[in-house]
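Student: Structure provided below as structure tokens; questions to follow.
The values are calculated or read from the model by the stated rules, or taken from the named source; none is laboratory data. This is a predicted model, so every value here is computed, not measured. Positions of Cβ are backbone-derived with ideal geometry, glycine not excepted, and every protein chain shown enters the neighbour counts.
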Amino acid sequence: KAGVTQTPRYLIKTRGQQVTLSCSPISGHRSVSWYQQTPGQGLQFLFEYFSETQRNKGNFPGRFSGRQFSNSRSEMNVSTLELGDSALYLCASSLAGQGLREQYFGPGTRLTVT
Amino acid sequence: AQSVTQLGSHVSVSEGALVLLRCNYSSSVPPYLFWYVQYPNQGLQLLLKYTSAATLVKGINGFEAEFKKSETSFHLTKPSAHMSDAAEYFCAVSVSGGGADGLTFGKGTHLIIQP
């Protein structure tokens, strides 16, 4: 079974621009979560989508948004990029439902804002 | 709210020596606990998970962890370190099993293996 895929793997943007990152979950996984990883703040939860609905959101400004499509693929968008948005953005998928649902991570998209 | 503390941002051990990476958690409800490993320029790989079925959990690559409720700890160990174990290790907690509330991660421990 194929793992979680993220595109693109690397991205360079300029301050003020916007960016869209894509994530394809493991087949059959309906929950997709996004995380930001930086040297200073570590791994931080951005938001989680299930059945095209955002179920929870971390403590990030409204410039960070996402969506999920009917095939469970997800995108996240960052508008008005700031230098501090430079990070590795990780997507994780899991089965939905109650109880233990471990998350499987993709390789990440490394975003550099100049 | 839950939180995770990993003691030691860097741990160095000799090849063949015991590996011990420390993790303490805080949670108001019984937690689900995880250890992940991250190799350079890669995503996170699940090493093991605590499901409340057993306090001693065995994972991949010879790693295991013991859940101690009285100490709110979930330390990761491996009897004999291998050069290929050099990586960043993250302890994570969830109160919903990794569902809607996401995972709360520790800051990570960089494991260095000395030849």
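Student: From the residues in the stretch B:20-36 that are buried (at least 21 other Cβ atoms within 10 Å of the Cβ) and at pLDDT 95 or above, which one is nearest to A:Pro107 (Cα to Cα)?
Tutor: B:Tyr36
Student: Still on this structure: Give just the number: which of (1) assigned to a strand (DSSP E or B); (2) within 14 Å of chain B (Cβ to nearest Cβ); (3) free of Cβ contacts under 8 Å to residues at least 60 places away in the same chain does A:Glu102 not satisfy?
Tutor: All conditions are met except number (1).
Student: Name every residue in the stretch A:30-51 that is buried (at least 24 other Cβ atoms within 10 Å of the Cβ) and among the β-branched types (Val, Ile, Thr), in order of residue number.
Tutor: A:Val32
Student: Restrict the check to the stretch B:15-28 and report whether at least one residue is within 14 Å of another protein chain (Cβ to nearest Cβ) and touching a residue at least 24 places away in the same chain (Cβ under 8 Å).
Tutor: Keep residues of the stretch B:15-28 that are within 14 Å of another protein chain (Cβ to nearest Cβ), which gives B:23.
Retained after the next criterion (residues that are touching a residue at least 24 places away in the same chain (Cβ under 8 Å)): B:23.
Yes, that holds for at least one residue.
Student: Does B:Gly62 meet the test of being on the phi > 0 side of the Ramachandran plot and more than 11 Å from chain A (Cβ to nearest Cβ)?
Tutor: It is true that B:Gly62 is on the phi > 0 side of the Ramachandran plot and more than 11 Å from chain A (Cβ to nearest Cβ).
Student: Of the conditions (1) over 14 Å from the mean Cα position of the chain (by Cα); (2) free of Cβ contacts under 8 Å to residues at least 60 places away in the same chain, A:Glu48 fails just one. Which one is it?
Tutor: That leaves (1) as the condition not met.
Student: Tally the residues that are within 14 Å of chain A (Cβ to nearest Cβ) and part of a loop (DSSP other than H, G, I, E, B), restricting the search to the stretch B:50-59.
Tutor: Summing the residues that are within 14 Å of chain A (Cβ to nearest Cβ) and part of a loop (DSSP other than H, G, I, E, B) in the stretch B:50-59 gives 5.
Student: May I pose another question? Among the residues of the stretch B:65-74, is there at least one that is over 11 Å from the mean Cα position of the chain (by Cα) and assigned to a loop (DSSP other than H, G, I, E, B)?
Tutor: Looking through the stretch B:65-74, at least one residue is over 11 Å from the mean Cα position of the chain (by Cα) and assigned to a loop (DSSP other than H, G, I, E, B).
Student: Oh, and also: Check every one of the strands (runs of 3 or more DSSP E) wholly within the stretch A:1-96 and list those with 1 or more residues that are facing another protein chain (nearest Cβ under 9 Å), touching a strand residue (DSSP E or B) at 6+ places or on another chain (Cβ under 8 Å) and closer than 28 Å to B:Tyr89 by Cα.
Tutor: Values: elements: A:5-7, A:10-13, A:19-24, A:31-38, A:42-50, A:53-57, A:64-68, A:74-78, A:87-94.
Answer list for the stretch A:1-96: A:5-7, A:31-38, A:42-50, A:53-57, A:87-94.
Student: A further question on this structure: Filtering the stretch B:34-49 down to residues that are more than 9 Å from chain A (Cβ to nearest Cβ) and in a strand (DSSP E or B), which residue is nearest to B:Gln2 (Cα to Cα)?
Tutor: Start the filter on the stretch B:34-49 by keeping residues that are more than 9 Å from chain A (Cβ to nearest Cβ), which leaves B:35, B:37, B:39-40, B:47-48.
Okay, now just the ones that are also in a strand (DSSP E or B), so B:35, B:37, B:47-48.
Values: B:Trp35: 16, B:Val37: 21, B:Leu47: 21, B:Leu48: 19 Å.
Once the filter is applied, the top-ranked residue is B:Trp35.
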